[in-house]
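**Student:** Sending over a structure as structure tokens; questions will come in a sec.
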Amino acid sequence: MTWEELEQSCRTCEKCELCRTRTNTVFGVGNRKTGILFVGEAPGEQEDLKGEPFVGAAGKLFDRFLEAVDIPREDIYIANILKCRPPKNRDPLPAEEDACIGYLQAQIDLIRPPLVVCLGRIAAMRLIKPDFRITKEHGIWVKKDNYEICAVYHPSLLLRDPRRKPEMMEDMKLIAQRYAVLKGLGY
Ligand code: URA
């Protein structure tokens, strides 16, 4: 499948009920040849309105972490587990994740990134393991299929609990170090 075919099928998707309440699908943005893919949970209000991931308050905080560790946002690709906003930003339902995960899998297959970073526990529970504990296991890399994967705190959690920001900074520094190695390899 090409990017264009994938994006078109996602844009018109009616695989779950969220298609009835969305303003826009939020497919994903960024460098399709990147070495590093970041995966969040689901679009929020601003993302639903604009059709782009991480453009609201959490996204702005995430941008500051990227800047602090010198990873240009244009270098990376950002997508979510769910492409449509759950009403009132409730957690995704398992059936919604099941319906939607094929789009993310296809994005991973097209990008083939050596590194994947989950933003928050919902993405980590889906992509790393169902019993992932974000407070204990953030920043720990594991090998999966064709890539290495870790999770960091979701920026929305950091907005609610700023005391966790130093841990996020440490994780982001290590991510940036790995990314710098990849850049040396031509990514
Ligand atoms: N939170 C997410 O998980 N994804 C977004 O795109 C925005 C907020």
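The values are calculated or read from the model by the stated rules, or taken from the named source; none is laboratory data. None of these values were measured; they are calculated from a predicted model. Cβ: placed from backbone, ideal geometry, glycine included. Neighbour counts: every protein chain shown. For accessibility, only protein heavy atoms count, side chains too; no ligands or nucleic acids. Shrake-Rupley method; radii C 1.70, N 1.55, O 1.52, S 1.80 Å.
**Student:** Which parts of the stretch 1-40 would a label at residue 50 reach, counting a residue when its backbone N lies under 19 Å from a point 7 Å out along Cα-to-Cβ?
**Tutor:** Inside the label zone: 22-32, 38-40.
**Student:** What percentage of the solvent-accessible surface of the stretch 144-187, computed with a 1.4 Å probe over protein heavy atoms, is contributed by carbon and sulfur atoms?
**Tutor:** Whole-percent figure for carbon plus sulfur exposure: 54.
**Student:** Also, I was wondering about something else. What figure in square angstrom, to the nearest 10, would you give for the accessible area of residue 173 with a 1.4 Å probe?
**Tutor:** Here the accessible area works out near 90 Å².
**Student:** Right, another one. Please give, to one decimal in nm, the separation of the simple spin-label points placed at residue 57 and residue 5, each 7 Å out from Cα toward the Cβ.
**Tutor:** 4.2
**Student:** Which residues' amide hydrogens lie under 5 Å from the amide hydrogen of residue 37, considering only partners 5 or more residues apart or on another chain, with H built in the peptide plane?
**Tutor:** Long-range HN contacts for residue 37: 115, 116, 117.
**Student:** Could you list which residues have their amide H under 5 Å from that of residue 151, counting only those 5 or more apart in sequence or on another chain, with H placed in the peptide plane?
**Tutor:** Long-range HN contacts for residue 151: 118, 139, 140.
**Student:** Using r as the Cβ-Cβ distance of residue 159 and residue 23, and R0 as 25 Å, what FRET efficiency do you calculate, to the nearest 0.05?
**Tutor:** 0.65
**Student:** Same structure again: Would you check the accessible area of residue 13, probe 1.4 Å, heavy atoms only, in square angstrom rounded to 10?
**Tutor:** Taking all protein chains as shown, residue 13 has close to 20 Å².
**Student:** Send over a whole-number figure in Å² for the accessible area per residue of the chain, probe 1.4 Å.
**Tutor:** For the chain, the per-residue accessible area is 51 Å².
**Student:** At residue 91 and residue 169, where each label point lies 7 Å from the Cα along Cα→Cβ, what is the point-to-point distance in nanometres?
**Tutor:** 3.1
**Student:** Same structure again: Which whole-number percent is the relative contact order of the stretch 72-187 (Cα, under 8 Å, 6+ apart)?
**Tutor:** Result for the stretch 72-187 is 19 percent.
**Student:** Something else about it: So what J values fall out for the stretch 79-88 if you push phi through Karplus, 6.51 cos²θ - 1.76 cosθ + 1.60 with θ = phi - 60°, rounded to Hz, Gly and Pro as x?
**Tutor:** Karplus values, whole Hz, x for Gly and Pro: 9, 10, 5, 9, 8, 10, 6, x, x, 6.
**Student:** Once phi is turned into ³J(HN,Hα) by the Karplus curve 6.51 cos²θ - 1.76 cosθ + 1.60 with θ = phi - 60°, what whole-Hz value does each residue of the stretch 129-142 show in order, with x for glycine and proline?
**Tutor:** 6, x, 9, 4, 10, 5, 5, 8, 10, 4, x, 9, 8, 10
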